[in-house]
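A quick write-up on the structure given underneath.
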Amino acid sequence: MNTTTTESLTLQEQGQQLSVLGAFANSEQFQMAKQAAEMLASSSMVPTTYQNNPGSCFIALNTALRLRMDPLMIMQNLYVVQNRPSWSGQFAIALVNICPKFSATWFEYRNEEDFQKGVRMCAQLKTGQNVYGTWITPEMVKAEGWGKKWQTMPEQMYKYRAAAFFARTECPEALLGLSVEGEAEDMAGKSQPDIKPPLFKSREMPKDDVVEAEKVADSPRQLGDAEVPGKGDVEVPPPHIRLMEALSCTEDQLNKAIAKASGDKVKGWHELNDKQKEKLAANPDKLQPFIG
C-alpha cells in the first residue's frame with residue numbers, strides 16, 4: 001500500500017470518527033466547539049432558548065458535527081421538552097428523505113379521502129425493494145392518549161409520528177436517537193415545547209369508582225396535602241412521569257409492570273382513571289417488584 005493510499009485511509013478514518021464523536025473526537029475539536037458555542041450563545045440571531053446558554057449551544061453544535069450540517073439549521077429544528085432533545089417534525093422527515101439508504105420516500109394513506117383512517121411512511125431502498133413503516137391510526141392515538149396537537153393539527157401530527165416510527169425501525173441513525181415533535185410533549189402531557197422542565201398544575205381528583213387494578217396501590221398521599229406559599233395549586237408533573245422517575249423505568253416498562261400487577265386486567269397506565277394514576281404515583285414501591 002503506497003503512502004497516498006495510506007493517507008487517504010487515515011483521512012477517511014478521521015472523518016468517520018468525527019461523524020460519530022463530533023465535538024468529543026479529540027481535545028482540539030472539543031476546544032474549538034466550546035469557543036464556537038460561547039460565540040453562538042452571545043448572538044441574538046440564534047433561537048431565544050439558546051441565547052446566553054453555551055451548554056445547549058455546545059450540544060446543538062455537537063449534533064451538527066455528527067450530522068455534518070449547519071449549526072444554525074440544527075438550532076432552528078432542535079428543542080427540549082422535559083430535558084429530552086426533540087427534532088421538529090418537518091426536520092425529522094427531511095432527515096429520512098436524505099438518508100442515503102433510500103432512493104425515494106412517501107406517505108401512504110389507508111383511505112385517500114380521510115387521512116385519519118391511517119397514515120404510514122414508506123421508502124424504496126437503493127436495491128429497489130420497498131420498506132413500510134407502522135400505521136398510525138385513530139385507535140392508536142386514542143389508546144396512547146396523545147395530546148392537544150392531535151386535535152388542532154391532526155394531519156401534520158399523523159405524518160410526524162409516522163416518520164418517527166419509520167425512522168426508528170428503518171434508519172435509526174438518521175434521528176441520532178432523539179424524539180420527534182409531539183412525542184416528548186405527549187409523554188409529558190404538554191402540548192408546547194419549553195427549554196425548561198415544565199410544571200403542571202394539579203387538579204381535583206375524580207370521585208368515580210375504582211376498578212380492581214387499584215389494588216396495586218393503596219393509602220395515597222393526597223396532592224392537596226402539600227402547600228406552596230403564595231400559590232393556590234401545587235405544581236407537579238403528571239403521575240406517569242413521576243412514576244417513571246421514581247422507578248427509573250421507561251414508559252414501556254411501566255405499562256408492563258401495571259399489567260403484571262393487575263393480573264393483565266389492565267394493559268397500561270393509560271387504561272387507569274385519574275384517581276388510580278395518582279394512587280400509583282403516591283405509592284411507586286407497589287410497582288417496584290414488577291419492574292424488569
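Data for the structure
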{"item": "Residue count for region 254-269, restricted to those that are assigned to a helix (DSSP H, G or I) and crowded, with 16+ Cβ neighbours inside 10 Å", "result": "8"}
{"item": "Scope region 216-245; condition assigned to a helix (DSSP H, G or I), surrounded by 16 or more Cβ atoms within 10 Å (Cβ to Cβ) and modelled with pLDDT of 50 or more; matching residues", "result": "Pro239, His240, Ile241, Arg242, Leu243, Met244"}
{"item": "Residue, farthest from Trp146 (Cα to Cα), within region 255-277, restricted to residues that are of a type in the set (D, E, K, R) and in contact with a helix residue (DSSP H, G or I) (Cβ under 9 Å, 6 or more places away or on another chain)", "result": "Lys260"}
{"item": "Residue check for Phe102: at pLDDT 95 or above, more than 12 Å from Lys159 (Cβ to Cβ) and surrounded by 15 or more Cβ atoms within 10 Å (Cβ to Cβ)", "result": "yes"}
{"item": "Pairs with Cβ under 7 Å, 6+ apart, first in region 152-165 and in the same structural domain as Ala184 (by TED's automatic domain parsing), second of a type in the set (D, E, K, R)", "result": "Met157/Lys149; Tyr160/Glu181; Ala162/Arg120; Ala164/Glu183"}
{"item": "Region 278-292 residues that are at positive phi, paired with ones that are surrounded by 15 or more Cβ atoms within 10 Å (Cβ to Cβ) and in a helix (DSSP H, G or I) (beta carbon under 8 Å, 6 or more apart)", "result": "Gly292/Gln253"}
{"item": "Some residue of region 176-197 being hydroxyl-bearing (Ser, Thr, Tyr), out of contact with any Phe, Trp or Tyr (no Cβ under 8 Å at 6 or more places or on another chain), under 26 Å from Arg68 (Cβ atoms) and not assigned by TED's automatic domain parsing to the domain that holds Glu271", "result": "no"}
{"item": "Residue list for region 119-165, restricted to those being polar (S, T, N, Q) and either farther than 20 Å from Glu185 by Cα or surrounded by 19 or more Cβ atoms within 10 Å (Cβ to Cβ) (or both)", "result": "Gln124, Thr127, Gln129, Asn130, Thr134"}
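The values are calculated or read from the model by the stated rules, or taken from the named source; none is laboratory data. On a predicted model such as this, the values are computed, not experimentally measured, just so you know. Cβ sites come from the backbone with ideal geometry, for glycine too, and all protein chains shown count toward neighbours.
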